[in-house]
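Data block below; observations after.
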Amino acid sequence: DAGVIQSPRHEVTEMGQEVTLRCKPISGHDYLFWYRQTMMRGLELLIYFNNNVPIDDSGMPEDRFSAKMPNASFSTLKIQPSEPRDSAVYFCASIRQGNTEAFFGQGTRLTVV
Amino acid sequence: QKEVEQNSGPLSVPEGAIASLNCTYSDRGSQSFFWYRQYSGKSPELIMFIYSNGDKEDGRFTAQLNKASQYVSLLIRDSQPSDSATYLCAVNRDTGRRALTFGSGTRLQVQP
């Protein structure tokens, strides 16, 4: 398996623009997580899904952020409109039911100017 | 108070020494505990997990858990320059909720 795949790896956008981050979890994994990492706040959970259903979105900063998982092999995190304070590395991770290890994608480095 | 606290470091140790990384957590209901390693510019990768009080060894790594003191540690024996990375402590409040809460990490530097 190729692991968790995220795209794009880097994104530079202007303030106010819409940004869409994409994630393909490992096949057969039931849980998918979106995390954000910054120097100031470390690695924070934004939202997670179980069997494509959002379970906990309490970490989503505000209404500008939305996430979807239309099927077991694809999820998106959208920011609209983007702001400079959204600049961070966004990680997607997945876990198989009954296992303990979360596998992380390579992350998307987002810069909002 | 943060849910998971770690000293940001850097912790500097000479090659061959034992590196001791520490983590405290605030939620007494936490059930499982994880150590992830993150190289600069890379994604976190799991090193070890521990559920029960006491020690758990895996090669050069030993995780220690003391639930009464709400304390988790990671010992790295015979430290190598390749161990230089940021080590993230993470906790899970219950086995039904699979999401992890991470500490901000401790940067380890192993000097050759």
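With no solvent and one equal point scatterer per Cα, compute the Debye intensity ratio I(q)/I(0) for chain B at 0.12, 0.17 Å⁻¹ and report its log10, rounded to two decimals.
For the requested q values the scattering log ratios are -0.38, -0.75.
Once the Cβ-Cβ distance between residue B:46 and residue A:113 is put in as r, and R0 is 35 Å, what FRET efficiency do you end up with, to the nearest 0.05?
Working: r = 34 Å, r/R0 = 0.98.
About 0.55, to the nearest 0.05.
Taking θ as phi - 60°, what are the ³J(HN,Hα) couplings along the stretch B:50-67 by the Karplus curve (6.51, -1.76, 1.60), each to the nearest whole Hz, with x for Gly and Pro?
Per-residue couplings from phi come out as 8, 10, 9, 4, x, 10, 9, 10, 8, x, 7, 9, 10, 9, 10, 10, 10, 5 Hz.
Suppose every K and R has +1 on its Cβ and every D and E has -1 on its Cβ; what is the size of the dipole of chain A about the Cα centre, in Debye to the nearest 20? Please list the in-between numbers first.
Values: 11 positive and 13 negative charges, 48 e Å.
Magnitude of the dipole: close to 220 debye.
Going through the stretch A:27-102, which GluC sites (Glu not before Pro) have at most 10 other Cβ atoms within 10 Å and a DSSP loop state?
Details: sites: A:44, A:62, A:101; in loops: A:62, A:101.
Passing both the DSSP loop test and the Cβ count: A:62.
Which pairs in the list A:78/B:67; A:24/B:56; B:2/B:67; A:78/B:42; A:68/B:42 are over 28 Å apart, alpha-carbon to alpha-carbon?
Working: A:78/B:67 39 Å; A:24/B:56 33 Å; B:2/B:67 17 Å; A:78/B:42 22 Å; A:68/B:42 25 Å.
Check vs 28 Å cut-off fails for A:78/B:67; A:24/B:56.
GNM, chain B, Cα, under 10 Å: largest mean-square fluctuation among B:21, B:11, B:65?
Result for chain B, Cα springs under 10 Å: B:11 fluctuates most.
Quick one: if you stick a label point 7 Å off each Cα along the C-beta vector at residue B:18 and residue B:71, how many nm between them?
Computed distance between label sites residue B:18 and residue B:71 equals 1.4 nm.
Can you pull the three principal axis extents for the Cα set of the protein assembly as shown, in Å, largest first?
49, 38, 37
Over chain A, what per residue volume does the convex hull of the Cα atoms give, in whole Å³?
With only Cα atoms used, chain A gives 93 Å³ per residue.
Out of every Cα pair in the stretch B:1-53, what percent are spaced more than 16 Å from each other?
Numbers: 802 of 1378 pairs.
When all Cα pairs of the stretch B:1-53 are counted, 58 percent exceed 16 Å.
Before anything else, pin down the relative contact order of chain A: Cα pairs under 8 Å, at least 6 apart, normalised by residue count, whole percent. Mind dumping the intermediate values first?
Values: 285 pairs, mean separation 42.2, N = 113.
Over chain A, the number comes to 37 percent.
FYI, it's all coordinate maths here, none of it is from the lab. This structure is a prediction, so every number in the text was calculated from the model and none was measured. With ideal geometry, Cβ positions are generated from the backbone for all residues, glycine too; neighbour counts draw on all protein chains shown.
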